[in-house]
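What follows is a short report on a single structure.
The values are calculated or read from the model by the stated rules, or taken from the named source; none is laboratory data. No experiment lies behind these values; they were computed from the predicted model shown. Cβ placement follows ideal geometry from the backbone for every residue including glycine, while neighbour counts extend to all protein chains displayed. With ligands, DNA and RNA removed, areas are computed over all heavy atoms of the protein, side chains included. Shrake-Rupley method; radii C 1.70, N 1.55, O 1.52, S 1.80 Å.
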2 protein chains.
Amino acid sequence: MNYIKRTHTCGELREKNIGEKITLNGWVDVRRDLGGVIFIDLRDRYGITQIVFEPHYNETAHNNAKDVRSEWVLSVTGTVRKRPEGTENPELETGLIDVMIDEITILNKAITPPFQIQDELDANEDLRLKYRYLDLRRKPMQKNLLLRHKMYQIVRNYFDKNSFVEIETPFLMKSTPEGARDFLVPSRIHKGHFYALPQSPQTYKQLLMVSGFDRYFQIVKCFRDEDLRADRQYEFTQIDVEMSFVDEENVFEMMEGLMKELFLQTSNFNLQTPFLRLSYKEAMETYGSDKPDLRFELKMTSLNELLKTSGFKVFSDTINKGGTVSGLNAVGCGNYTRNQLDVLTDYVKKLGAGGLIWIRVTDNGLDSPTMKFLSDEEKQSITKALNAKPGDLLLLISGEWKKALTIMGNLRLEMARRMELLKNNSEPKLLWITDFPLFEYSEADKRLVAMHHPFTSPKDSDIELMETEPQKVHAKAYDLVMNGNEIAGGSIRIFSPELQSKMFTALGLSKEEAEEKFGFLMNAFKYGAPPHGGIAFGFDRMVMLFAGESSIREVIAFPKTSSGLSLMDGSPSAASEEQLKELHIKVKGGD
Amino acid sequence: MNYIKRTHTCGELREKNIGEKITLNGWVDVRRDLGGVIFIDLRDRYGITQIVFEPHYNETAHNNAKDVRSEWVLSVTGTVRKRPEGTENPELETGLIDVMIDEITILNKAITPPFQIQDELDANEDLRLKYRYLDLRRKPMQKNLLLRHKMYQIVRNYFDKNSFVEIETPFLMKSTPEGARDFLVPSRIHKGHFYALPQSPQTYKQLLMVSGFDRYFQIVKCFRDEDLRADRQYEFTQIDVEMSFVDEENVFEMMEGLMKELFLQTSNFNLQTPFLRLSYKEAMETYGSDKPDLRFELKMTSLNELLKTSGFKVFSDTINKGGTVSGLNAVGCGNYTRNQLDVLTDYVKKLGAGGLIWIRVTDNGLDSPTMKFLSDEEKQSITKALNAKPGDLLLLISGEWKKALTIMGNLRLEMARRMELLKNNSEPKLLWITDFPLFEYSEADKRLVAMHHPFTSPKDSDIELMETEPQKVHAKAYDLVMNGNEIAGGSIRIFSPELQSKMFTALGLSKEEAEEKFGFLMNAFKYGAPPHGGIAFGFDRMVMLFAGESSIREVIAFPKTSSGLSLMDGSPSAASEEQLKELHIKVKGGD
């Protein structure tokens, strides 16, 4: 098809171009016919320019423009003019000019889209996903993907500048079922054998350290066959990083530099470094979460010391069995009604709490159904510990350490919402969570599992506990938290083959299983592995947070639904008999 | 483990550091014990530094260094000194200094590697692949991957600078068996259904043009379940590009800029643009290849005009049936012996030629067993057409157009090798091949198939031939050729739903099949698709050529063997019953 190529984009023309003969290519955003004069807002990725068809200026062009409708694709040639006084549009960057059209070519027509191409849309998400190519025409989606583009470049330039080497690792790898479920890929050549798609390039990046690449990074797709949630997809993008001859602080410093650069270049915000470091224990006890949102205070306080000898057995028994009593002062909420307090009680009960103890602090003392169980001294020390003043509401939860703190952490977030503590213009808050436990007990597997992954190094001082009291061992593991979201996690790795064996033993892997699954990695460590460590960022979630969105699907070009469907192309779909035969597999009958 | 972190890398110290107390971390490259003084070349990715243990300088350190062996990992602290006169090593960047060691920590030991970590290696490739993490310690491999790293950054910075948007497309997509074989991924949630890994993001990038992203790029893994060759892997990396409102010349110009940048930044070579453009027909007739190596001349010449009325029926019949007679002048090879000529004849016969006609040009005329069949006039016109002089050897092949030219193209390369036409310092030669046929006949499928792919636009002037003489239709398709290798291929796409339907019809796809396979794309085109086109580079092959390697496995960190095995981790491997059960598949019995 012959047509005139654009001389400018639709976002480019300014007053300095007045009088120039130019050509634009783009989509019809809006068309208005005002008393015989046709105005079209012509749109492309770069902006919108108003083009004008006047019968007296060019009758042929005007005639040809009569049938044009929204979303048609045009090539137009004409002369830039200053807009008549009073018709300027200050909201457009091109709003001081328009273009008088001499020639129009219709490059493509468009049928009526299933929803309007506009910023605010109330179409349901399934319709948007089915017609994703139209949804992506909308400015908010274009903005999100352009931000994502920018973040890729910032990340890579940062690592390149800091001597990291970008290395691609395989997508067809060995299935090592430890952790999440693998996606399998049947082999045609090797009957009955399967590749797995990577859950992460973990083993490869450690091998690259053994190879001496020293600093590695990659922005890479990873895959987990797990049930999906709002911020999960089967395939997700990770910024994957590994460094040799480092400890935790070296990793922190390098990644803080990255975050600083991202904030500076995307929003001109100067992030203060170093970030706060909180141990897992501190974070749990103070914020009831290993990904606390520090954009507001509202700290929790452990009341264990005060109450461990209390005559109120609910408290003292809990504490003496290793549990905890945690308190929170909801400043100024002392006027909560009984009804409001019942709602809060229901809230924590739904999360599994036995109950909620509330204390309204009044000018006349403490008002609470529970107060009768406590001594005056205890009442006083609680109000003191929680820094309570008349008008405040104190909330107490007791129970098993992690469970009670987690529930209290949720209540903290709920109270922050009710108290409107999170301001719209609040600055981003990033922090490191450190000193995670190396193991956690899995109810499902009835055994210890690695809290991070089986390559994570224990703290040097805890190594001796690995065989005797493994649950007390802390790990050189860390998470990076931004505004209450975990955006990255990593660890210093085990680099001694002996310690790695000890780790596998603690995880209940037999020598044979360990050899079968990770033998090549343990073998590699025998040939001179350097101390190393790394981190991986959940890139989708990071972009989501930077874009101010609440679902990662808003920052992924072609996401799948929560049941893993692509509504646009209908995948997954049935395979042909021929395909299955070549792969030596068949679909099983029955359910 | 506590150890002192490096203050410098092993490639960093210079004379200006003399006297400084520094720490290095690295691997023992070579260890020499010279009369009680121990010298170690300590290695990391950045270089090598000689460290010295003298008993009189520091006895403890010297003692601790006695057991150290190759590939052990050390942390050493000491003082930089000027090397004693006469012991400088000009081959090392650090060769004017060494470091007197006060303190050594052995970070890790190493067992003896299966091969030496050295530049030249005669280990077989399987051993190298099994111990890839050691193979990657070798400098040539590190150099290749560092070059690859650099090329990623150059490519992305170039596209970013030119307003291209990097967008990730899905890895779990719909299987559309057209072209190569898909890798399938069974779905756990949707029983009996499968995703496919992308052979290329072709449909997605076209949809992104429909979305108005205007310029898209991505460096992305693609997958083809085809049998492997030296320059093929199941998974390969592609630079994927698409642009809106462009024709072929716009694509050429943008990609020439990229190649210019790559040569400039990797080897400081100033590539001349624009590149030569040759039509497919010209390339075949002049070089017998659609990826000609132009680093040497040695052109072929069509003798059809001269010989179509020849009395020698072998020639005239061939030409009149649509075949060709092609001639090549091997300048100065007139002294080839009968034995050498028999070898050449065997060479072309193995490629499928009926025979090779050779003519030795002597001072006494033409010496050839075939000469008796030609008239004097014909002999004269052949020598003239081939610009033959005494001492030259003329080679003629006749036969079906494509077959004969392809064989002659191979013979051209063979003669170039024999004549040593390719100089070591020859400049790179890049060119575009254009005007490919839209269709080619597939012997296997007994039907026309798309030579490029089914979204390629025919030349505007040929559209009318699509239904009547499809084999005469030329495509807006192009390849970029570098030194005889195709490094990229692309096309201007069909953007009209009607023309796309016509294309599917010509390919023998029923409306239902077309709808089933590509319905979502054709549907998208109804909502206002812009004219667009693009290209994809085979990145592995490109890096291979830039690195001067002859196998892509030399520029891939963890490649598979030609039977698709990963010798390092033993994938593909058997899946557990549990895994298969969850995926609703079973491995078929029998063969």
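Of all residues being of a type in the set (S, T, N, Q) and assigned to a strand (DSSP E or B) in segment B:230-260, which is nearest to A:M1 (Cα to Cα)? Just the residue, please. Quick ask: steps written out before the conclusion?
The first filter runs over segment B:230-260 and keeps only residues of a type in the set (S, T, N, Q), leaving B:233, B:237-238, B:244, B:250.
Within this subset, residues satisfying the condition of being assigned to a strand (DSSP E or B) are B:237-238, B:244.
Numbers: B:T237: 32, B:Q238: 29, B:S244: 14 Å.
Selected residue: B:S244.
Take the residues in segment B:543-565 that are in contact with a Leu (Cβ under 8 Å, 6 or more places away or on another chain) and closer than 14 Å to A:I189 by Cβ; name whichever of them is surrounded by the fewest Cβ atoms within 10 Å (Cβ to Cβ).
B:S563
Does B:L264 qualify as being touching a residue at least 60 places away in the same chain (Cβ under 8 Å), more than 12 Å from every other protein chain (Cβ to nearest Cβ) and farther than 19 Å from B:H452 by Cβ?
Considered against the rule, which asks whether it is touching a residue at least 60 places away in the same chain (Cβ under 8 Å), more than 12 Å from every other protein chain (Cβ to nearest Cβ) and farther than 19 Å from B:H452 by Cβ, B:L264 comes out as no.
Please go through segment B:363-384 and pick out each residue that is touching a Gly at 6+ places or on another chain (Cβ under 7 Å) and either open to solvent by less than 30 Å² (accessible area, probe 1.4 Å) or closer than 21 Å to B:V348 by Cβ (or both).
B:I382
Consider A:Y204 carefully, then state whether it is more than 25 Å from B:E577 (Cα to Cα), free of Cβ contacts under 8 Å to residues at least 40 places away in the same chain, facing chain B (nearest Cβ under 7 Å) and open to solvent by less than 10 Å² (accessible area, probe 1.4 Å).
Against the criterion (more than 25 Å from B:E577 (Cα to Cα), free of Cβ contacts under 8 Å to residues at least 40 places away in the same chain, facing chain B (nearest Cβ under 7 Å) and open to solvent by less than 10 Å² (accessible area, probe 1.4 Å)), A:Y204 qualifies.
Hey, could you check segment A:142-166 for residues that are buried (at least 18 other Cβ atoms within 10 Å of the Cβ) and among the charged types (D, E, K, R) and say which is farthest from A:A536 (Cα to Cα)?
For segment A:142-166, the residue satisfying everything is A:K150.
Filter segment B:36-94 down to the residues that are of a type in the set (A, V, I, L, M) and within 14 Å of chain A (Cβ to nearest Cβ), then identify the one that is farthest from B:I104 (Cα to Cα).
B:I48
Across segment A:220-234, which residue is farthest from the other protein chains (Cβ to nearest Cβ) among those that are crowded, with 20+ Cβ neighbours inside 10 Å and in contact (Cβ under 8 Å) with a residue 60 or more places away in the chain?
So, considering only residues that are crowded, with 20+ Cβ neighbours inside 10 Å and in contact (Cβ under 8 Å) with a residue 60 or more places away in the chain, the one farthest from the other protein chains (Cβ to nearest Cβ) is A:Q233.
Looking at (1) touching a strand residue (DSSP E or B) at 6+ places or on another chain (Cβ under 7 Å); (2) more than 9 Å from every other protein chain (Cβ to nearest Cβ), find the lone condition where A:P186 falls short.
Single failed check for A:P186: (2).
I'm trying to understand the selection: among the residues of segment A:447-492, which are within 12 Å of chain B (Cβ to nearest Cβ) and touching a Ser or Thr at 6+ places or on another chain (Cβ under 6 Å)? Explain how you work it out, then say what you get.
Initial filter on segment A:447-492 (within 12 Å of chain B (Cβ to nearest Cβ)): A:457-461, A:463, A:476, A:492.
Hits for segment A:447-492 are A:K476, A:I492.
Which residue, of A:K459, A:K476, is modelled with pLDDT of 95 or more, basic (K, R) and more than 28 Å from the chain's Cα centre (by Cα)?
A:K459
Working carefully through the options A:F194, A:F217, find the one that is open to solvent by less than 10 Å² (accessible area, probe 1.4 Å), more than 7 Å from chain B (Cβ to nearest Cβ) and part of a strand (DSSP E or B). First the steps, then the outcome.
Working: A:F194 fails: more than 7 Å from chain B (Cβ to nearest Cβ).
Only one candidate qualifies: A:F217.
Quick grid of which residues meet (1) under 30 Å from A:L545 (Cβ atoms); (2) open to solvent by less than 30 Å² (accessible area, probe 1.4 Å); (3) among the polar types (S, T, N, Q):
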| residue | (1), (2), (3) |
| --- | --- |
| A:L411 | yes, yes, no |
| A:Y441 | no, no, no |
| A:K446 | no, no, no |
| A:A450 | yes, yes, no |
| A:S457 | yes, yes, yes |
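All but one of (1) buried (at least 22 other Cβ atoms within 10 Å of the Cβ); (2) not in a loop (DSSP other than H, G, I, E, B); (3) not basic (K, R) hold for B:T23, so report the exception by its number.
Status for B:T23: all satisfied but (1).
Where in segment B:380-451 are there strands (runs of 3 or more DSSP E), lying fully within it, with 2 or more residues that are in contact (Cβ under 8 Å) with a residue 40 or more places away in the chain?
B:393-399, B:430-434, B:447-450
Return yes or no: is B:G288 in contact with a strand residue (DSSP E or B) (Cβ under 9 Å, 6 or more places away or on another chain) and either outside the structural domain of B:L405 (by TED's automatic domain parsing) or free of Cβ contacts under 8 Å to residues at least 24 places away in the same chain (or both)?
Here the answer is yes, as B:G288 does meet what is asked.
Out of curiosity, is A:G19 more than 14 Å from chain B (Cβ to nearest Cβ) and either of a type outside the set (S, T, N, Q) or without any contact (Cβ under 8 Å) to a residue 24 or more places away in the chain (or both)?
Yes.
Return the pairs, sorted by first residue and then second, in which the second residue is of a type in the set (D, E) and in a strand (DSSP E or B), the first residue lies in segment A:344-366 and is assigned by TED's automatic domain parsing to the domain that holds A:L413, the beta carbons are less than 8 Å apart, and the residues are 6+ apart or on different chains.
Sorted first by the residue in segment A:344-366, then by its partner, the pairs are A:I359/A:D367; A:R360/A:D367; A:V361/A:D367.
Exactly one condition in (1) more than 10 Å from chain A (Cβ to nearest Cβ); (2) farther than 20 Å from B:D182 by Cα; (3) among the aliphatic types (A, V, I, L, M) is not met by B:A524; state its number.
In the conditions (1) more than 10 Å from chain A (Cβ to nearest Cβ); (2) farther than 20 Å from B:D182 by Cα; (3) among the aliphatic types (A, V, I, L, M), B:A524 misses (1) alone.
Considering only segment B:536-578, how many residues are touching a Phe, Trp or Tyr at 6+ places or on another chain (Cβ under 8 Å), over 17 Å from B:F183 (Cβ atoms) and not assigned by TED's automatic domain parsing to the domain that holds B:Y234?
Total meeting the criteria: 4.
For (1) over 38 Å from the mean Cα position of the chain (by Cα); (2) farther than 13 Å from A:S398 by Cα; (3) open to solvent by 20 Å² or more (accessible area, probe 1.4 Å), each residue gets a yes or a no:
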{"position": "A:R295", "(1), (2), (3)": "no, yes, yes"}
{"position": "A:L307", "(1), (2), (3)": "yes, no, no"}
{"position": "A:S326", "(1), (2), (3)": "no, no, no"}
{"position": "A:L341", "(1), (2), (3)": "no, yes, no"}
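Taking segment B:1-15 as the search range and keeping residues that are surrounded by fewer than 19 Cβ atoms within 10 Å (Cβ to Cβ) and hydrophobic (A, V, I, L, M, F, W, C), which one is nearest to the other protein chains (Cβ to nearest Cβ)?
Applying the filter and picking the extreme gives B:M1.
On the basis of being part of a loop (DSSP other than H, G, I, E, B) and either surrounded by 14 or more Cβ atoms within 10 Å (Cβ to Cβ) or over 36 Å from the mean Cα position of the chain (by Cα) (or both), does B:D29 make the cut?
So B:D29 does not fit the description; no.
For the list (1) part of a loop (DSSP other than H, G, I, E, B); (2) facing chain B (nearest Cβ under 9 Å); (3) at pLDDT below 95, I need the number of the one condition that A:G179 fails.
Going through (1) part of a loop (DSSP other than H, G, I, E, B); (2) facing chain B (nearest Cβ under 9 Å); (3) at pLDDT below 95 one by one, A:G179 breaks only (2).
In segment B:313-337, what residues are within 19 Å of B:A416 (Cα to Cα) and not aromatic (F, W, Y)?
Within segment B:313-337, B:S326, B:G327, B:L328, B:N329, B:A330, B:V331, B:G332, B:C333, B:G334, B:N335, B:T337 qualify.
Could you look through segment A:100-141, keep only residues that are open to solvent by 20 Å² or more (accessible area, probe 1.4 Å) and part of a helix (DSSP H, G or I), and pick out the one that is farthest from the other protein chains (Cβ to nearest Cβ)?
So, considering only residues that are open to solvent by 20 Å² or more (accessible area, probe 1.4 Å) and part of a helix (DSSP H, G or I), the one farthest from the other protein chains (Cβ to nearest Cβ) is A:E125.
Criterion first (assigned to a loop (DSSP other than H, G, I, E, B), of a type in the set (S, T, Y), within 9 Å of another protein chain (Cβ to nearest Cβ) and within 30 Å of A:E12 (Cα to Cα)) does B:T169 satisfy it?
Yes; evaluated as a whole, the condition is true for this residue.
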